[in-house]
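Asker: Got a structure for you, written out below as structure tokens; questions coming shortly.
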Amino acid sequence: MPLCIDQMGSRVAVPENPERLVSLVKSQTELLYDLVLEVIIAGQTQFCIHPKEHFNSAAKTGGKKS
């Protein structure tokens, strides 16, 4: 089982190669759509609003929107 070290320095065991991800950065979510990689997006923040045609296609996560 591969070990990864996260941003906080914690060791995390990854049982298999991830096939999907949750995007927590608006610009990175837009980049994934631009690169036609939307099939790997399992979720995104509620602040991700572009591209508009995909706004409701992924599960949302994150804090309250003001």
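The values are calculated or read from the model by the stated rules, or taken from the named source; none is laboratory data. These numbers come from a predicted model, not from an experiment. A quick note on method: Cβ atoms are made from the backbone with ideal geometry, for glycine too, and the neighbour counts reach across all protein chains shown.
Asker: Of all residues in the range 18-66, which are assigned to a loop (DSSP other than H, G, I, E, B), in contact with a helix residue (DSSP H, G or I) (Cβ under 8 Å, 6 or more places away or on another chain) and at pLDDT 80 or above?
Answerer: Listed by number, the residues that qualify are GLU19, ARG20, PHE47.
Asker: Further question: Please go through the range 4-25 and pick out each residue that is out of contact with any strand residue (DSSP E or B) (no Cβ under 7 Å at 6 or more places or on another chain) and among the charged types (D, E, K, R).
Answerer: Once the filter is applied, which keeps residues that are out of contact with any strand residue (DSSP E or B) (no Cβ under 7 Å at 6 or more places or on another chain) and among the charged types (D, E, K, R), the range 4-25 yields GLU16, GLU19.
Asker: Take SER10 and decide whether it is modelled with pLDDT under 85 and surrounded by fewer than 10 Cβ atoms within 10 Å (Cβ to Cβ).
Answerer: no
Asker: Quick one: how many residues across the range 1-17 are aliphatic (A, V, I, L, M) and in a loop (DSSP other than H, G, I, E, B)?
Answerer: Residues flagged as aliphatic (A, V, I, L, M) and in a loop (DSSP other than H, G, I, E, B) within the range 1-17 amount to 3.
Asker: Six or more apart or on different chains, Cβ atoms under 6 Å: show the pairs whose first residue is in the range 5-28 and without any contact (Cβ under 8 Å) to a residue 12 or more places away in the chain and whose second is part of a strand (DSSP E or B) and among the β-branched types (Val, Ile, Thr).
Answerer: Within 6 Å, the pairs are ASP6/VAL12; ARG11/ILE5.
Asker: What's the total number of residues in the range 32-51 that are among the charged types (D, E, K, R) and under 12 Å from ARG20 (Cα atoms)?
Answerer: Residues that pass the stated criteria total 1.
Asker: Within the range 32-46, take every residue that is touching a strand residue (DSSP E or B) at 6+ places or on another chain (Cβ under 9 Å) and not hydroxyl-bearing (Ser, Thr, Tyr) and give me the one that is surrounded by the most Cβ atoms within 10 Å (Cβ to Cβ).
Answerer: Result: GLN44.
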